[in-house]
Amino acid sequence: VARRGPCAIGQARRRPGRTAEDGEDAAGALAEPDGSDRCLSLLPWDRFSAWLHCVCVVGFDLELGQAVEVIYPPHSKLTDKEVKYCLLVYLFPYVGCLGDTQFCFRFRQSPGRKVSFCCFLDQLDRDLPVYLKKDPAYYYGYVYFRQVRDKSLKRGYFQKSLVLISKLPYIHLFRTMLKQIAPEYFEKSEAFLEAVCSDVDRWPPPIPGKILHLPVMGIIMKLRIPTYRDKPGTTPVVQNMHQCIKIPQSGFRCFCPVFFHIQMLWELVLLGEPLVVMAPSPSESSETVLALVSCISPLKYCSDFRPYFTIHDSEFKEYTTRTQAPPSVILGVTNPFFAKTLQHWPHIIRIGDLKLPGEVPKQVKVKKLKNLKTLDSKPGVYTSYKPYLNKDEEIVKQLQKGVQQKRPTEAQSVILRRYFLELTESFIIPLERYVASLMPLQKCISPWKSPPQLRQFSQDDFMKTLEKAGPQLTSGLKGDWIGLYRHFLKSPNFDGWFRSRQKEMTQKLEALHLEALCNENLVFWSQKHTEVETVDLVLKLKNKLLQADREHLPVKTDTLKKLQTHINDIILALPEDLQDILLKTGTT
């Protein structure tokens, strides 16, 4: 919901006679020679690690119970805690399900684990929209679970899960990939899985803004990852590419049982309120949680969220304790046990079986928490929360009319995404405008002084701007906008957003300071000062260059080259003994 992106994906069959080597050449040709290829030939599996941590197969053994049968590539490691809590407990979601099921989960990375991504791939994060940036503390697990009757087995059932573990939140990409490979894997041997991983190890790096071709077992997925420069809510149209979105494409289907309350749910997510989604299956649980998290896009949801959470999860005690207030987290659950365990949580969404297009949902009132006793309770929103904004009747009527006219689910989802996007932008624009005013004027930047500091954020000053430049300029919604902002300024989402903006503006100041230095005649300056002062300047300029590289400052390449030329010219004007020292000297 809320936004199209993170990628565009399409499929094209390989031409007859095309070899694996051809696929490798095609994938390799997409890597740019200007630096994109730097990390691609370091070690085997570097390209694989850019997309996936590992691929796991989990089966059921009558004597051992659930067991990880395969982890590929063989060198990939999962700690005992990651295996126990983050794989085995998730992969046999409910015995009553026959057939194939897909869902995803999210879990914490074990402390002390070394990051396997090379530095170049970490740099790609800076070009992504904030909602697509990977969280170094978490993994995603993408699951394809099959349970079918099989009389040849003692248990009477074939039960197996294929799981992709990745840092990347590209939900639909990996869902599409699993649809292609999992059914075939269940019919074949481990050699098939090895071939899949080898294909992934030929993929180009996940460079935002590039059209990427990803070969996997006879098909080529065509992909474009958006950049932060893309206009929110749009993705450049490319022939034969479909949207690969962070959330399931059936966004409206997730909200259908409670769409009379979508605006209240948007407020709860925006404010980082503790939320529980109780659903009949892991697929519906994970789809709904991801839809909630994405409804405030392009604002990033900065708290924890678990698309599928179980009693075996390592954070179970932490999140269910009654000795302290529930944390800012969104949990998706299916176990009836949670109806009692989480009854003290302030906001609970009960999702029944997701409706098919054409079924008109009944309007359900917000219910009191005391009425939620079991998972068999009726679908609805159980909370005592009173929204700050007046209800937008127009969007409800528009969606309701679409259901009555049997408008396609995807069309309904587009309407809902646009509504959430416009609502979020109306809310965030006044904050963006005020924070931009904290930036010092360019005339205050002197090459001979440290870059100026940003002015402090003042809640009172910001509130004063809302009278003339508030959300009323872009939204017709009435209500207590001031109260909503006051609550938001205390939330984890504001803290995460402001830290990100603060970092961006500080880096911009450093970049402007570098440009100011480049525009000065530094050689002339050095001739007017002592050798000690000149050496000190050279060392400071070298540190500036290192900082620009280390922090990925938004500086033009020409500016960096010009500054390096200034450094070289200053050094060459010094005595030879100092030249030798400074040319060899690094910086701290």
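The values are calculated or read from the model by the stated rules, or taken from the named source; none is laboratory data. In this text the structure is predicted, and so the values were computed from the model without any measurement. Every residue, glycine as well, gets a Cβ built from its backbone with ideal geometry; the counts of neighbours run over all protein chains shown. Please note that ligands, DNA and RNA were not included when accessible areas were found on the heavy atoms of the full protein model with its side chains. Shrake-Rupley method; radii C 1.70, N 1.55, O 1.52, S 1.80 Å.
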For this session: Would you check if there is a residue in the range 214-234 being small (Gly, Ala, Ser) and either at pLDDT 90 or above or buried (at least 22 other Cβ atoms within 10 Å of the Cβ) (or both)?
Result: no
Exercise. Assuming LYS114 fulfils every condition listed in (1) at pLDDT 85 or above; (2) surrounded by fewer than 16 Cβ atoms within 10 Å (Cβ to Cβ); (3) not hydroxyl-bearing (Ser, Thr, Tyr) apart from one, which condition is it?
Worked result: (1)
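Mind listing just one residue for me: the one in the range 172-193 that is in a helix (DSSP H, G or I) and among the small types (Gly, Ala, Ser) and, of those, nearest to PRO74 (Cα to Cα)? Walk me through how you get there before you give the answer.
Within the range 172-193, the subset in a helix (DSSP H, G or I) is 172-187, 190-193.
Now restrict to residues that are among the small types (Gly, Ala, Ser): 182, 191.
On the way: ALA182: 19, ALA191: 13 Å.
Across the range 172-193, the extreme among qualifying residues is ALA191.
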Problem set entry | the range 57-71 - residue that is open to solvent by less than 20 Å² (accessible area, probe 1.4 Å) and under 16 Å from SER189 (Cβ atoms) and, of those, modelled with the highest pLDDT | VAL57
For this session: Please verify whether the range 94-110 includes one or more residues that are modelled with pLDDT of 75 or more, open to solvent by 30 Å² or more (accessible area, probe 1.4 Å) and part of a strand (DSSP E or B).
Result: yes
Seminar exercise, completed: Per the filter on the range 396-422, residues basic (Lys, Arg), surrounded by fewer than 18 Cβ atoms within 10 Å (Cβ to Cβ) and closer than 23 Å to LEU299 by Cα are ARG418
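Condition first: over 30 Å from HIS513 (Cα atoms) and open to solvent by less than 90 Å² (accessible area, probe 1.4 Å). Now tell me which residues in the range 448-477 satisfy that.
MET463, LEU466, ALA469, GLY470, PRO471, THR474, SER475, GLY476, LEU477
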Exercise. Just one of the numbered conditions (1) more than 26 Å from ALA137 (Cβ to Cβ); (2) assigned to a loop (DSSP other than H, G, I, E, B) is not true of CYS256; which one?
Worked result: (2)
Exercise. From the list GLY479, GLY483, which residue is closer than 30 Å to PHE420 by Cα, of a type outside the set (D, E, K, R) and in contact with a strand residue (DSSP E or B) (Cβ under 7 Å, 6 or more places away or on another chain)?
Worked result: GLY479
Exercise. Among the residues of the range 148-171, is there at least one that is open to solvent by 20 Å² or more (accessible area, probe 1.4 Å) and in a helix (DSSP H, G or I)?
Worked result: no
For this session: Could you look through the range 121-141, keep only residues that are open to solvent by 50 Å² or more (accessible area, probe 1.4 Å) and within 9 Å of the chain's Cα centre (by Cα), and pick out the one that is farthest from LYS210 (Cα to Cα)?
Result: ASP135
Seminar exercise, completed: Quick count over the range 329-345, residues being modelled with pLDDT under 85 and open to solvent by less than 10 Å² (accessible area, probe 1.4 Å), is 1
